[in-house]
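Undergrad: One structure is given below, represented as structure tokens, and several questions about it will come after.
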Number of protein chains: 2
Amino acid sequence: MRSLEWFPLSLWKRIRLPYCHLAGKATCLLRATDTMSTQSPMRLHGSGPTVLLGPHQALALRGTFSLQQNPGSPSPGKKQNKESTITINCVTFPHPDTMPEQQLLKPTEWSYCDYFWADKKDPQGNGTMAGFEILLQKQLKGKQMQKEMSEFIRERIKIEEEYAKNLAKLSQNSLAAQEEGSLGEAWAQVKKSLADEAEVHLKFSSKLHSEVEKPLMNFRENFKKDMKKCDHHIADLRKQLASRYASVEKARKALTERQRDLEMKTQQLEIKLSNKTEEDIKKARRKSTQAGDDLMRCVDLYNQAQSKWFEEMVTTTLELERLEVERVEMIRQHLCQYTQLRHETDMFNQSTVEPVDQLLRKVDPAKDRELWVKEHKTGDIRPVDMEI
Amino acid sequence: MRSLEWFPLSLWKRIRLPYCHLAGKATCLLRATDTMSTQSPMRLHGSGPTVLLGPHQALALRGTFSLQQNPGSPSPGKKQNKESTITINCVTFPHPDTMPEQQLLKPTEWSYCDYFWADKKDPQGNGTMAGFEILLQKQLKGKQMQKEMSEFIRERIKIEEEYAKNLAKLSQNSLAAQEEGSLGEAWAQVKKSLADEAEVHLKFSSKLHSEVEKPLMNFRENFKKDMKKCDHHIADLRKQLASRYASVEKARKALTERQRDLEMKTQQLEIKLSNKTEEDIKKARRKSTQAGDDLMRCVDLYNQAQSKWFEEMVTTTLELERLEVERVEMIRQHLCQYTQLRHETDMFNQSTVEPVDQLLRKVDPAKDRELWVKEHKTGDIRPVDMEI
């Protein structure tokens, strides 16, 4: 069952398409994958053999169907098993000594789906951590980084608002308001330009809020919840794998016992021939065959579970990879928006000085004197000598 | 005595030169002025007649020396005095009804020296205010305006310092410091750019201080003290003028009495001829002549005082006018410096965004994934089916 509700069906197609390209040499597999990509994901496993999709894909790429032919052959000896595969934390890998060559699923992309198959020793030393867990932590950290960037921008906004507030307040200050004439006009424009600057910085802070801070903060509101679901789903599949591995071990032990029983009874038959013993051998052989069938069934179920886990691992890690690309692109885009706004702010700021410069060029002390003298003169009749 | 220590001698020459140009038609006056401009200002008044410089200059410009010829003629009748001149607050002006045409000293310049000869009714209604006082108040107000502009710039500096401090502090913030790869580098540059911005604004504030605020504040440290001296000097000259006007009035009254006494005694002589009376008339005539001489001397002293006041008025108002031009130019220049610094700040600010843009262009999610996967991968061996 798909627990990742945020994986739309169309996405599945997108995720699965790379397999088609990778599986160029194995056309039968390619066709099967292609067909399935149009079906509900739920039908991928279950009734069908694990051959079509799952751990064998990469092998299929090499055009060798060796392992696909193996499952049917009845050679369940522990020795052979040990030689060709090795099971670590209930996951079965090819044995290092007899490992067939594996080609990466996405050889040139350093894709998440290729590098996190093993578990990792916990840094604290106790227990292990699934490779998927590391990817999840990367996602959560990325989300946290994005949130912190948004918080950083929020702090910048506060600084801009404070700056704008102070500039606007100073602009209203009455200092030297009584300066007269053209100089008075230029001075008034100096003050007004501060209000203009304040306006520019306020606009900057407002745009920072709507175009940078908010998008960074709002992006994937349910991200953490989705990641948790994702985590649980993969963990559940690992638990199922562990449980089925235990069944395999139990069935293998039972088969060994049955085989030992059959062997013992066959030896007894050789020593003292009796009807009862022949009946016992028949019964023991039937039970041994049944135990063998049980083991085969358990291995089959185990392989189905591992295949399902593998499938979910590929699908989900590719989705995480896509989300990370999206996150980086999204942050990049909004930081570009930040520099764009900074750029515009500097440009608009420039323009607030222009009218001041214009009025400063018009400052004329002679003209100012004329205006002032006209208003304040007391009399232009000069005194003359007193006559006697 | 010159109380304006800050009037250098060379300045006197500069101030007086315009008279030479104005006095184009009156070459004798021109020569006299020219000569005097090379002498100590203190020798301008005193021994010489007030004819050479002073209230007559403008009349001299018209080429009529009428008033210069008058002082000698003995016609001290009040009636004639009233007809040709009028004395207001101890300053003697040509009578409106018989006023000779006066040309402005600096006709095209709206010069202070041409428009502040009369006193002005105090706005509060009680008393009058000298024209010079209005000019002084203009100067003091100008000085105050300049001081307030400096204070305004100081406030702007504080805002810039606060802004820079906040940007620098935010730049040190550890938010999203764990972002990795090329995106991490771009993010680190976003933070660094805030430190660069802070630096730009700090530089702006520092330059505002040294190149705008300080020069505006320091300009003419003793300006107010100098203006006070200037004020006292002109006021003293007005007091002397008032005192000499009182002397004139007293002498005029004494002359009137002596003339009445002489007239009475002459009438007595016509009625009863006696030696004693003839002796009395002689005495009375002598006293009357002496009173006339006294009056002439007082009028002469009054005219000298008025001439000195006139001279100081012209000199000092021209200096105030020069100072005002200097003030306006000086403020204009420093406000231009302000806009220049604002301009540079915007330019430098632009450049702080450039390295961020460069690194944002280099952000590459695939490269970042490669780096991260190389460091954190757990294993690229894919699981395979378990064999029985």
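Undergrad: Being at pLDDT 90 or above and under 28 Å from B:Lys250 (Cα atoms) is the filter here, so list the residues in region B:86-110 that pass it. Reasoning before the result, please.
TA: We begin by selecting, within region B:86-110, every residue at pLDDT 90 or above; these are B:86-94, B:103-110.
Across region B:86-110, the qualifying residues are B:Ile86, B:Thr87, B:Ile88, B:Asn89, B:Cys90, B:Val91, B:Thr92, B:Phe93, B:Pro94.
Undergrad: Among the listed residues A:Ala305, A:Ala291, which satisfies the condition of being more than 8 Å from chain B (Cβ to nearest Cβ), among the small types (Gly, Ala, Ser) and within 27 Å of A:Cys230 (Cα to Cα)?
TA: Step by step, each of A:Ala305, A:Ala291 is checked, and only A:Ala305 is more than 8 Å from chain B (Cβ to nearest Cβ), among the small types (Gly, Ala, Ser) and within 27 Å of A:Cys230 (Cα to Cα).
Undergrad: Looking for whichever is among the hydrophobic types (A, V, I, L, M, F, W, C) and closer than 22 Å to A:Gln139 by Cβ here; the options are A:Leu301, A:Leu341, A:Leu320. Which one fits?
TA: A:Leu320
Undergrad: Taking into account only those residues within region B:328-373 that are under 24 Å from B:Glu133 (Cα atoms) and crowded, with 21+ Cβ neighbours inside 10 Å, which is nearest to the other protein chains (Cβ to nearest Cβ)?
TA: Of everything passing the filter in region B:328-373, B:Val328 is nearest to the other protein chains (Cβ to nearest Cβ).
Undergrad: For region B:294-317, does any single residue satisfy the condition of being in contact with a strand residue (DSSP E or B) (Cβ under 9 Å, 6 or more places away or on another chain), aliphatic (A, V, I, L, M), touching a residue at least 60 places away in the same chain (Cβ under 8 Å) and farther than 30 Å from B:Ile157 by Cβ?
TA: Yes, because at least one residue in region B:294-317 is in contact with a strand residue (DSSP E or B) (Cβ under 9 Å, 6 or more places away or on another chain), aliphatic (A, V, I, L, M), touching a residue at least 60 places away in the same chain (Cβ under 8 Å) and farther than 30 Å from B:Ile157 by Cβ.
Undergrad: Across region B:98-122, which residue is nearest to the other protein chains (Cβ to nearest Cβ) among those that are of a type in the set (A, V, I, L, M) and within 16 Å of A:Thr378 (Cβ to Cβ)? Reasoning before the result, please.
TA: If we filter region B:98-122 for residues that are of a type in the set (A, V, I, L, M), which is where we start, we get B:99, B:104-105, B:118.
Now drop any that are not within 16 Å of A:Thr378 (Cβ to Cβ), which leaves B:104-105, B:118.
Numbers: B:Leu104: 7, B:Leu105: 8, B:Ala118: 3 Å.
Checked region B:98-122; the qualifying residue nearest to the other protein chains (Cβ to nearest Cβ) is B:Ala118.
Undergrad: So which residues in region B:123-135 are under 18 Å from B:Ile234 (Cα atoms) and either surrounded by fewer than 20 Cβ atoms within 10 Å (Cβ to Cβ) or facing another protein chain (nearest Cβ under 7 Å) (or both), if there are any at all?
TA: B:Gly127, B:Thr128, B:Met129, B:Gly131, B:Glu133, B:Ile134 - these are the residues of region B:123-135 that are under 18 Å from B:Ile234 (Cα atoms) and either surrounded by fewer than 20 Cβ atoms within 10 Å (Cβ to Cβ) or facing another protein chain (nearest Cβ under 7 Å) (or both).
Undergrad: Mind counting the residues in region B:170-195 that are touching a Leu at 6+ places or on another chain (Cβ under 9 Å) and of a type in the set (D, E, K, R)?
TA: Of the residues in region B:170-195, 3 are touching a Leu at 6+ places or on another chain (Cβ under 9 Å) and of a type in the set (D, E, K, R).
Undergrad: Please work out which one of (1) in contact with a Leu (Cβ under 7 Å, 6 or more places away or on another chain); (2) modelled with pLDDT under 95; (3) buried (at least 19 other Cβ atoms within 10 Å of the Cβ) is the condition B:Leu262 fails and give its number.
TA: (1)
Undergrad: In region A:139-157, what residues are more than 7 Å from chain B (Cβ to nearest Cβ) and in contact with a helix residue (DSSP H, G or I) (Cβ under 8 Å, 6 or more places away or on another chain)?
TA: Those that are more than 7 Å from chain B (Cβ to nearest Cβ) and in contact with a helix residue (DSSP H, G or I) (Cβ under 8 Å, 6 or more places away or on another chain): A:Gln139, A:Leu140, A:Gly142, A:Lys143, A:Gln146, A:Lys147, A:Ser150, A:Ile153, A:Arg154, A:Ile157.
Undergrad: Going by the structure shown, is B:Arg322 within 34 Å of the chain's Cα centre (by Cα), part of a helix (DSSP H, G or I) and among the basic types (Lys, Arg)?
TA: Working: within 34 Å of the chain's Cα centre (by Cα): yes; part of a helix (DSSP H, G or I): yes; among the basic types (Lys, Arg): yes.
It is true that B:Arg322 is within 34 Å of the chain's Cα centre (by Cα), part of a helix (DSSP H, G or I) and among the basic types (Lys, Arg).
Undergrad: In addition: Restricting the first residue to region A:130-141 and requiring it to be under 13 Å from A:Trp117 (Cβ atoms), which pairs with a second residue that is among the hydrophobic types (A, V, I, L, M, F, W, C) and assigned to a helix (DSSP H, G or I) meet a Cβ separation below 7 Å and a spacing of at least six or different chains?
TA: Once the first residue is under 13 Å from A:Trp117 (Cβ atoms) and sits in region A:130-141, its partners that are among the hydrophobic types (A, V, I, L, M, F, W, C) and assigned to a helix (DSSP H, G or I) give A:Phe132/A:Ile234; A:Phe132/A:Met313; A:Leu135/A:Leu320.
Undergrad: Of the residues B:Glu270, B:Glu257, only one is among the charged types (D, E, K, R) and more than 55 Å from the chain's Cα centre (by Cα); which? Steps first, please.
TA: On the way: B:Glu257 fails: more than 55 Å from the chain's Cα centre (by Cα).
Within the list B:Glu270, B:Glu257, the selection yields B:Glu270.
Undergrad: Run A:Leu170 past the list (1) crowded, with 16+ Cβ neighbours inside 10 Å; (2) within 9 Å of another protein chain (Cβ to nearest Cβ); (3) under 17 Å from B:Trp372 (Cα atoms) and report the number of the one that doesn't hold.
TA: (3)
Undergrad: Inspect region A:337-357 for any residue being within 30 Å of A:His232 (Cβ to Cβ), touching an Asp or Glu at 6+ places or on another chain (Cβ under 7 Å) and assigned to a helix (DSSP H, G or I) and give the result as yes or no.
TA: Quick first cut of region A:337-357, residues within 30 Å of A:His232 (Cβ to Cβ) only: none.
There is no residue in region A:337-357 that is within 30 Å of A:His232 (Cβ to Cβ), touching an Asp or Glu at 6+ places or on another chain (Cβ under 7 Å) and assigned to a helix (DSSP H, G or I).
Undergrad: Kindly provide the set of residues from region A:87-97 that are within 11 Å of chain B (Cβ to nearest Cβ) and free of Cβ contacts under 8 Å to residues at least 24 places away in the same chain, ordered by number.
TA: Of the residues in region A:87-97, the ones within 11 Å of chain B (Cβ to nearest Cβ) are A:87-96.
Passing the criteria: A:Pro94, A:His95, A:Pro96.
Undergrad: Within region B:249-257, does at least one residue satisfy the condition of being within 14 Å of chain A (Cβ to nearest Cβ), within 30 Å of B:Ala130 (Cα to Cα), touching a residue at least 40 places away in the same chain (Cβ under 8 Å) and crowded, with 16+ Cβ neighbours inside 10 Å?
TA: Looking through region B:249-257, at least one residue is within 14 Å of chain A (Cβ to nearest Cβ), within 30 Å of B:Ala130 (Cα to Cα), touching a residue at least 40 places away in the same chain (Cβ under 8 Å) and crowded, with 16+ Cβ neighbours inside 10 Å.
Undergrad: Just to confirm my filter: which helices (runs of 4 or more DSSP H) fall fully inside region A:78-181 and include at least 3 residues that are within 26 Å of the chain's Cα centre (by Cα)?
TA: Values: elements: A:78-84, A:112-115, A:131-171.
Once the helices (runs of 4 or more DSSP H) in region A:78-181 are filtered for at least 3 residues that are within 26 Å of the chain's Cα centre (by Cα), what remains is A:112-115, A:131-171.
Undergrad: Would you check if there is a residue in region B:143-150 being surrounded by 20 or more Cβ atoms within 10 Å (Cβ to Cβ) and within 21 Å of B:Glu319 (Cα to Cα)?
TA: Checked region B:143-150: at least one residue is surrounded by 20 or more Cβ atoms within 10 Å (Cβ to Cβ) and within 21 Å of B:Glu319 (Cα to Cα).
The values are calculated or read from the model by the stated rules, or taken from the named source; none is laboratory data. Computed from a predicted model, the values in this text were never measured in an experiment. Using ideal geometry, Cβ is built from the backbone for each residue, glycine included, and neighbour counts are taken over all protein chains shown.
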